[in-house]
Amino acid sequence: MPNHFCSAEDCSDLTGWIREALILKETPYSDKLLGANKTLGLIFFNASLRTRLSTIKAAQNLGMETITFNVNKEGWQLETAHGVVMDGDPAEHITEAAAVMGGYCDILGIRAFPTLLDRKEDYSEKYLLGFQEYAGVPIINLESAALHPLQSFADLMTIEQHKKKERPKVVMTWAPHVKALPQAVPNSFSQWMQHYDADFYIAHPEGMELDAKFTKNATLSCDQDEAFKEADFIYVKNWSSYHDYGEPLKNQQGWMVTLEKLQRTHQAKLMHCLPVRRNVVIADNAMDSRHSIIQDQAYNRIFAAQLVLKKLLTR
Ligand code: SN0
C-alpha cells in the first residue's frame, strides 16, 4: 500500500480490494479497535453529501475520531504558489496550513474541485499535491480536479455485486446538464475500468472526448443508441469539455437517459454517482425503475472508504 490513496494507481490489487470491501460490508465492525486514538481530518473546499457522510461513517466503523473542516467557508484563504508576496486575499500558505492539519490528524482527506478555467492549473492538482508534500500524513483524495477514486472504487464494488456474467458490457454515457461539471468522475471511472474485466464503452456527443490517458482502453462512440445495445450496465454522467476546456455542451436533451432507452439494453443496471438532476440528466421513469442500482452505489461508498482507511492504518 502506498502512503496515499489518490488514484487507481494507489490500489495494488483491485480484485482483492473489491473482495475485502464486500466482506467489510457484511462485517462492518470487525476492525472496531484498529482506529482507536486515530483521527481522520476531512478538508472540504467544495460541497459534499455522500463523500462526507460515508467517509465519517467508515471512520466510525473503524473506531476513529473525525474532524471535518469546510476550509473555503470557515478557514483562511490559502495561497498555493511559492515565492509570492502575500499582500492579497490569501492569508495563509498551504505550506503551513497542511503541516498544521497533518499535526492534528493521522490521515487527511481533501476535496478540491477544478475551477474549469485553466486546464493546466486544474490538472496540476495543486491542493492534493500540496497536502501530500506538506501534511506529513497519508492523504485520501475526496474528489480532486481530475479524479474521484473513492467513487470509482465503490462503483466497481457495485458492478461486481450485480454482474451476471464474467465480462459484462459497461457503458458510460455523457448526459445533459445545466452547468459545467468537472471531468473527475468520468476520468476516474475510466481509469479504474482499465483494471477491471469488462467490455467498456464510452458514449458522448462529438467534442466531449476525455483525456485519452484515461480512456485509452475504452471503445468510444458518438452513437448512444448503438452503444446501449446489449449493455449490462449504463453509467450516466455529465461532464464539461476537456478539449474546449470547461465549456458545457448545451441543447443536447436527446442524450438524457430514459426508461425507454434502458429497455433497449440487456436489462442494464442504471448507475449514477449522485447528485443527479432529475429530468435533465436521467428521467424520472428511469430513476424510479427497477434498473436503478444508484442507492447501492451510494451505500457502497461507506465500505470503499472503510477499506481504504483500513489499508492506510495497517500499511
Ligand atoms: C460534482 C461533479 O464532479 O460532477 C460532484 C459529483 C460527485 N457534481 C456537481 O457538482 C453537481 C452540481 C449541480 O449543480 O448539479
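The values are calculated or read from the model by the stated rules, or taken from the named source; none is laboratory data. Bear in mind that the values here come from a model prediction, so they are computed numbers and not experimental data. Cβ placement follows ideal geometry from the backbone for every residue including glycine, while neighbour counts extend to all protein chains displayed. Surface accessibility is based on the protein's heavy atoms, side chains included, excluding ligands, DNA and RNA. Shrake-Rupley method; radii C 1.70, N 1.55, O 1.52, S 1.80 Å.
See the values below:
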{"quantity": "Between 0 and 90°, nearest 10: helix 294-313 axis offset from the chain longest Cα axis", "calculated": "40 degrees"}
{"quantity": "Whole-percent carbon and sulfur share, accessible surface of the chain, 1.4 Å", "calculated": "49 percent"}
{"quantity": "Normalised contact order of the range 4-105, rounded percent, pairs of Cα under 8 Å and 6 or more residues apart", "calculated": "24 percent"}
{"quantity": "LYS269 - accessible surface, heavy atoms, 1.4 Å probe, Å² rounded to 10", "calculated": "40 Å²"}
{"quantity": "Net lengthening on full extension, ASP284/ASP244 (0.36 nm per residue, minus Cα-Cα)", "calculated": "11.3 nm"}
{"quantity": "Rounded accessible area of HIS93 (nearest 10 Å², 1.4 Å probe)", "calculated": "20 Å²"}
{"quantity": "R0 of 25 Å, Cβ-Cβ distance LYS164-GLN252: FRET efficiency to nearest 0.05", "calculated": "0.20"}
{"quantity": "Sequence of ILE56, ILE23, ILE234 from largest to smallest accessible area, 1.4 Å probe", "calculated": "ILE23, ILE56, ILE234"}
{"quantity": "Cα centroid separation, the range 93-137 to the range 274-292 (Å)", "calculated": "34 Å"}
{"quantity": "Lysine pairs with alpha-carbon atoms under 19 Å apart, the range 150-298, spacing 8 or more or separate chains", "calculated": "22"}
{"quantity": "Where labels lie 7 Å past Cα in the beta-carbon direction, separation of SER124 and ASP197 in nm", "calculated": "4.3 nm"}
{"quantity": "Local electrostatic count at ALA21 - Lys and Arg +1, Asp and Glu -1, tallied over other residues with Cβ under 11 Å", "calculated": "+2"}
{"quantity": "Between the range 184-210 and the range 34-64, the Cα center-to-center distance that results, in Å", "calculated": "28 Å"}
{"quantity": "Förster-model FRET efficiency, 45 Å R0, GLU74 and GLU260, C-beta, rounded to 0.05", "calculated": "0.45"}
{"quantity": "With Cα atoms, 0 to 90° folded angle of helix 184-193 axis to the chain main axis", "calculated": "70 degrees"}
{"quantity": "The range 56-190: C-alpha gyration tensor shape, a/c 1.5 cut-off, then a/b vs b/c", "calculated": "oblate"}
{"quantity": "Value of relative contact order over the range 150-298, rounded to a whole percent, pairs C-alpha under 8 Å and six or more apart", "calculated": "28 percent"}
{"quantity": "Cα-based shape type of the chain, given that a ≥ b ≥ c are square roots of the gyration tensor eigenvalues and the cut on a/c is 1.5", "calculated": "oblate"}
{"quantity": "Relative contact order (%) - criterion: Cα under 8 Å, at least six apart; region: the chain", "calculated": "20 percent"}
{"quantity": "Accessible area expressed per residue, the chain, with surrounding protein chains retained (probe 1.4 Å, Å²)", "calculated": "45 Å²"}
{"quantity": "For the range 76-84, Karplus couplings with θ = phi - 60° (6.51, -1.76, 1.60), whole Hz, Gly/Pro x", "calculated": "6, 5, 9, 8, 10, 6, 9, x, 8"}
